[in-house]
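Colleague: Following this message is one structure expressed as structure tokens.
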Amino acid sequence: MSRRIAIVEDDPAIRANYAEALRKHGFEVSAYGARAEALAAMRARLPDLAVIDIGLGSDADAGFELCRELRALSASLPIIFLTARDSDFDVVSGLRLGADDYLTKEVSLPHLLARIAALFRRAELAREPAVAEETLERGALALDLKRFSITWRGKPVALTLTEFWMVHALVRHPGHVKNREQLMREANLVVDDGTVTSHVKRIRRKFQAVDAGFEHIETAYGMGYRWKE
Amino acid sequence: MKRRFALGLRAQLALVALALLALPWAGVSFVNELERTLLAGQERALLATARAVATALHDRPLLLEAAPARDDAVRREAELELQRIAQSEGRLPQTAIAQLPLAREAELAARKAQEEIAAILRGVQRTESRLWVVNRRYQVLALEGGLRRSTREVHEDGLLREAWRHVAGWLIRRPSEDFAEAVPDDVLATGRDIASALQGTPGMRTRLTPDGRAVVMSAAHPVWNATEVAGAVVVEETTNPIASLRSDALERLLLLTLVAFVGAAAILIGFATRLSQRIRRLRDEAESAIDARGRLARIAAGSDAGDEIGDLSRSFSAMLARLAQHHVYLESMAGRLSHELRTPIAVVRSSLENLKLAAAPEEIRTYVARAEEGLARLNTILQRMSEATRLEQALRTAERERYDLAAVVRGCVEGYRLAYAATPIVLEAPARALEVSGSPDLAAQMLDKLVENAAEFSPPGETVRVWLEEQGRYALLAVQNRGPTLPAEMRSRLFESMVSVREARSGPVPHLGLGLYVARLIAEFHGGAIEAADAPGGAGVIVRVHLPLTR
């Protein structure tokens, strides 16, 4: 049985393009242009993953509302924001509402597909008993490459996919400086430097929430970031 | 903007106030007119007095024929001289010239006659006038009164008035009672009025006293004996009473003028000061209404006033409000535009990607690749467009921390050496830490912009110098290249949004003139300032950033 993806996007051309691309990759896609319509359909039958635009028609924040409502329906449904809005404020708002990832419309289809695949994997494995197969350990840090989850000193750190991939890129070669471009590539992200900076800031903050003394992601000014053992 | 040779409002009003000078001029003219009228009146009064006395003496020939009491040599000589002149003009008969010996009886008769005349004169004489009677032979038969006024009545004023008189004395001459009372002889010698009276016509004369200190007005009236002139009555007075009235009036006028002037000047200056203060306040607010970042403030000065300045202030405010709307529109324009463009670009991108997924012939792939290339460039433009807006948003929420600027600069420059292979970058930075307060990421972004600019304008192979030093309470971060100098007209606007010294040209990297604007925003976020200048000797351009050090 193929997985079902719901796309909520008000622009018909983008909606059709994404829907077709996803269908070509074997997903079952239902596309919606408005929030009420999407919510009603998803209430009737929950999809396996939802891709939501923030601004829907005249309502600039409809996507946020929809995300909240979906999260209320299901705590485990993977939700991706795909939007033209790229301000830090929107990213933070979106992630705080429980979205699993936040992508701007600059993202390419292959990147989007990679994320969708990763999220499905994570959702699937979350249901299975934890078997440490593909893990990467760096001191107190443990990355589960299958579930895309990270623990620090045994405590889980709730990272989005983008953030997970960034940490992964840093940790793979500790001590090596990764510049912003490399990080973007590793995270399957096409954004500008400023966004990488704010992503790194958020990652640090999430680690610090678990361990106040966390200081392992170091800034090499003008060059990038590195993982310090 | 101020012009160098502009007259202030106060100076202009002071000039306008000079028109007030017409008032004292008019006053003086009026006083002069009054004086003329008074003098004419005095003249008439003198003549009337002379006529009255003459009337009393009409047809009493005996009185006038007597020789004068004083009969000295000087007088005789003068009389002889006068008679000679008169004869030469054919006025006196030849026989009258003979000197008559004075008989004792004649002398007595003369004295009697004189007393009689004197009695008549005393009857009409006033304190300030002098009357005398002269006979046909220019002999003064009687003289009563004096020209001087008693000085006591002149000075009876307060000390203040006295002081004022003294001051005003510099400008207004007061008539003096200290003049030489002319002896009638001189008067006789030159008296046209007397001559005219002896010819039978009343005469008037105005003359100066011999010392020139006072003006004496005299009137002569003939005394008739039947049909021939027996002698003349002369009444003299100084014009001092009128002159002192005149100088009193002038003094009062001067005082009033001065008081009025001072009062008017005080009021005008006060008014002008208030006016120019209000206008200056309005100007200052108008000048600072648009701050360095191009933000608009409201104008408060005089906005409640009901007059024209209030109107001006309100229309300024209205104009600024409209400007602010426009400004907000422009400010958000780049951001909105890039946002609005994202959706159509996403349509194009996703379509192209779908096309790639489809099994397409080779020819189509080439075009898709080109379209994607263009799309990538379009994306860069969009990012640059929204960069400043994003930075402004970021600055609003950015957290400040203390960090070592030297470490950031060293790290950055190491990175630039990799990024700009064609441009050698020289760094001079102190080994010790220079702590500033702000955001290291933003500082790095600022340096990115400065070095990017410097490298772009640097001739290939020439070095770009980056140096950091401590200057008092500030850290100086400077970037110098050896490229062309700055165009003079751009120098002050270099750090504004959407200003670029680059010539319009098509290149792979779009320039929207936001780089140095971004640098300025970051410098200001650090509480510092940024400036650009030509290097000494025209060897390139130096951009200096001063950031306050934390202690």
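Colleague: Identify all residues within region B:484-528 that are part of a loop (DSSP other than H, G, I, E, B), modelled with pLDDT of 80 or more and of a type in the set (Ser, Thr, Tyr); write none if there are none.
Modeller: Within region B:484-528, B:Thr485 is the sole residue that qualifies.
Colleague: Quick check on my filter: what residues within region B:303-357 are surrounded by fewer than 17 Cβ atoms within 10 Å (Cβ to Cβ), modelled with pLDDT under 80 and at the interface with chain A (Cβ under 9 Å from one of its Cβ atoms)?
Modeller: B:Glu340, B:Leu357
Colleague: Pick out the one residue from B:Ala419, B:Ala388, B:Ala429 that is in contact with a helix residue (DSSP H, G or I) (Cβ under 9 Å, 6 or more places away or on another chain), surrounded by fewer than 20 Cβ atoms within 10 Å (Cβ to Cβ), farther than 23 Å from A:Ala16 by Cα and in contact (Cβ under 8 Å) with a residue 12 or more places away in the chain. Spell out the reasoning first.
Modeller: Values: B:Ala419 fails: in contact (Cβ under 8 Å) with a residue 12 or more places away in the chain; B:Ala388 fails: surrounded by fewer than 20 Cβ atoms within 10 Å (Cβ to Cβ).
On inspection, the qualifying residue turns out to be B:Ala429.
Colleague: Can you tell me which residue within region A:210-229, out of those that are part of a loop (DSSP other than H, G, I, E, B) and within 8 Å of another protein chain (Cβ to nearest Cβ), is modelled with the lowest pLDDT? If you could, list the steps in order and put the result at the bottom.
Modeller: Our first condition is that a residue be part of a loop (DSSP other than H, G, I, E, B); within region A:210-229, this holds for A:211-216, A:221-223, A:228-229.
Among the residues that remain, those that are also within 8 Å of another protein chain (Cβ to nearest Cβ) are: A:221-223.
On the way: A:Tyr221: 76, A:Gly222: 69, A:Met223: 75.
It comes out as A:Gly222.
Colleague: Please list, ordered by first then second residue, the pairs with beta carbon atoms under 7 Å, 6 or more apart or interchain, first in region A:57-74 and of a type in the set (Phe, Trp, Tyr), second part of a loop (DSSP other than H, G, I, E, B).
Modeller: Hits for this filter: A:Phe64/A:Ile54; A:Phe64/A:Leu97.
Colleague: Those residues that are within 13 Å of chain B (Cβ to nearest Cβ) and at pLDDT 80 or above, I need them from region A:166-187; list them, please.
Modeller: Passing the criteria: none in range.
Colleague: When you check A:Leu109 against the structure, is it within 14 Å of chain B (Cβ to nearest Cβ) and surrounded by 15 or more Cβ atoms within 10 Å (Cβ to Cβ), yes or no?
Modeller: Working: within 14 Å of chain B (Cβ to nearest Cβ): yes; surrounded by 15 or more Cβ atoms within 10 Å (Cβ to Cβ): yes.
So A:Leu109 fits the description; yes.
Colleague: Same structure again: Can you report the number of residues in region B:404-453 which are within 15 Å of B:Ala523 (Cβ to Cβ), outside any helix (DSSP H, G or I) and within 12 Å of chain A (Cβ to nearest Cβ)?
Modeller: The total comes to 1.
Colleague: Can you pull out every residue in region B:461-476 that is of a type outside the set (Val, Ile, Thr) and surrounded by 13 or more Cβ atoms within 10 Å (Cβ to Cβ)?
Modeller: First pass over region B:461-476, keeping only residues of a type outside the set (Val, Ile, Thr): B:461-462, B:465, B:467-476.
Matches in region B:461-476: B:Glu462, B:Arg465, B:Trp467, B:Leu468, B:Glu469, B:Glu470, B:Tyr474, B:Ala475, B:Leu476.
Colleague: Quick one: which residue in A:Ala19, A:Ala36 is in contact with a strand residue (DSSP E or B) (Cβ under 7 Å, 6 or more places away or on another chain), farther than 26 Å from A:Ala158 by Cβ and either modelled with pLDDT of 85 or more or surrounded by fewer than 17 Cβ atoms within 10 Å (Cβ to Cβ) (or both)?
Modeller: Values: A:Ala36 fails: in contact with a strand residue (DSSP E or B) (Cβ under 7 Å, 6 or more places away or on another chain).
It is A:Ala19.
Colleague: Would you pick out the residues in region B:430-450 that are more than 56 Å from the chain's Cα centre (by Cα) and of a type in the set (Gly, Ala, Ser)? Before the answer, list the steps.
Modeller: So in region B:430-450, the residues more than 56 Å from the chain's Cα centre (by Cα) come out as B:430-433, B:441.
Of everything in region B:430-450, those that are more than 56 Å from the chain's Cα centre (by Cα) and of a type in the set (Gly, Ala, Ser) turn out to be B:Ala431, B:Ala433.
Colleague: Looking at region A:188-209, which of the residues that are basic (Lys, Arg) and surrounded by fewer than 16 Cβ atoms within 10 Å (Cβ to Cβ) is modelled with the highest pLDDT? Step through it out loud before you land on a result.
Modeller: Applying the first criterion (basic (Lys, Arg)) to region A:188-209 yields A:201-202, A:204-206.
Keeping just the survivors that are surrounded by fewer than 16 Cβ atoms within 10 Å (Cβ to Cβ) gives A:201, A:205.
On the way: A:Lys201: 83, A:Arg205: 86.
Out of the qualifying residues, it is A:Arg205.
Colleague: Now, a different point. Keeping to region A:6-16, report how many residues are touching a strand residue (DSSP E or B) at 6+ places or on another chain (Cβ under 8 Å) and at the interface with chain B (Cβ under 7 Å from one of its Cβ atoms).
Modeller: Going residue by residue through region A:6-16, those that are touching a strand residue (DSSP E or B) at 6+ places or on another chain (Cβ under 8 Å) are A:6-10, A:15-16.
Subset that is at the interface with chain B (Cβ under 7 Å from one of its Cβ atoms): none.
Number of matching residues: 0.
Colleague: Let me ask something additional. Identify, by number, the condition in (1) closer than 30 Å to B:Glu387 by Cβ; (2) among the charged types (D, E, K, R); (3) within 14 Å of chain B (Cβ to nearest Cβ) that A:Asp61 doesn't meet.
Modeller: A:Asp61 satisfies every listed condition except (3).
Colleague: Which condition does B:Leu395 not pass, out of (1) at the interface with another protein chain (Cβ under 9 Å from one of its Cβ atoms); (2) touching an Asp or Glu at 6+ places or on another chain (Cβ under 9 Å); (3) modelled with pLDDT under 85, if it passes all the others?
Modeller: The number of the failed condition is (1).
Colleague: List pairs: first residue in region A:19-36 and on the phi > 0 side of the Ramachandran plot, second residue at pLDDT 90 or above anywhere in the structure, Cβ distance under 6 angstrom, at least six positions apart or on different chains.
Modeller: none
Colleague: Restricting to region A:10-30, count the residues that are charged (D, E, K, R), part of a strand (DSSP E or B) and out of contact with any Ser or Thr (no Cβ under 7 Å at 6 or more places or on another chain). It would help to see each step written out before you state the result.
Modeller: Going through region A:10-30, the residues charged (D, E, K, R) turn out to be A:10-11, A:15, A:20, A:23-24, A:28.
Going one step further and asking which of them are part of a strand (DSSP E or B), we end up with A:28.
Of the ones still in play, those that are also out of contact with any Ser or Thr (no Cβ under 7 Å at 6 or more places or on another chain) are none.
Result for region A:10-30: 0.
Colleague: Cβ contacts < 8 Å: first residue loosely packed, with under 15 Cβ neighbours inside 10 Å, restricted to region A:135-161; second residue of a type in the set (Lys, Arg) and not in a loop (DSSP other than H, G, I, E, B), any location; separation 6+ or different chain. Result?
Modeller: Qualifying pairs under 8 Å: A:Leu136/A:Arg172; A:Ala158/A:Lys206.
Colleague: Then there is this: If B:Val479 meets every condition in (1) modelled with pLDDT under 90; (2) more than 24 Å from A:Ser198 (Cβ to Cβ); (3) not small (Gly, Ala, Ser) apart from one, which number is that one?
Modeller: Status for B:Val479: all satisfied but (1).
Colleague: Which ones in region B:358-392 are part of a loop (DSSP other than H, G, I, E, B) and more than 10 Å from chain A (Cβ to nearest Cβ)? Steps first, please.
Modeller: Looking only at region B:358-392, we keep the residues that are part of a loop (DSSP other than H, G, I, E, B), and these are B:358-361.
Scanning region B:358-392 gives B:Ala359, B:Ala360, B:Pro361.
Colleague: Only helices (runs of 4 or more DSSP H) wholly contained in region A:43-139 count here; list those with 2 or more residues that are modelled with pLDDT under 85.
Modeller: On the way: elements: A:62-73, A:88-96, A:109-127.
Answer list for region A:43-139: A:88-96, A:109-127.
Colleague: Moving to a separate point now. Could you list, in sequence order, all residues of region A:68-100 that are farther than 20 Å from A:Ser198 by Cα, more than 14 Å from the chain's Cα centre (by Cα) and surrounded by fewer than 22 Cβ atoms within 10 Å (Cβ to Cβ)?
Modeller: A:Arg68, A:Glu69, A:Arg71, A:Ala72, A:Leu73, A:Ser74, A:Ala75
Colleague: I've got another one for you. Could you grab me the full set of residues in region B:211-256 that are out of contact with any strand residue (DSSP E or B) (no Cβ under 7 Å at 6 or more places or on another chain) and over 23 Å from B:Phe179 (Cβ atoms)?
Modeller: B:Asn225, B:Ala226, B:Thr227, B:Glu228, B:Arg252, B:Leu253, B:Leu254, B:Leu255, B:Leu256
The values are calculated or read from the model by the stated rules, or taken from the named source; none is laboratory data. Everything numeric here is computed off the predicted structure, so don't read it as measured data. Positions of Cβ are backbone-derived with ideal geometry, glycine not excepted, and every protein chain shown enters the neighbour counts.
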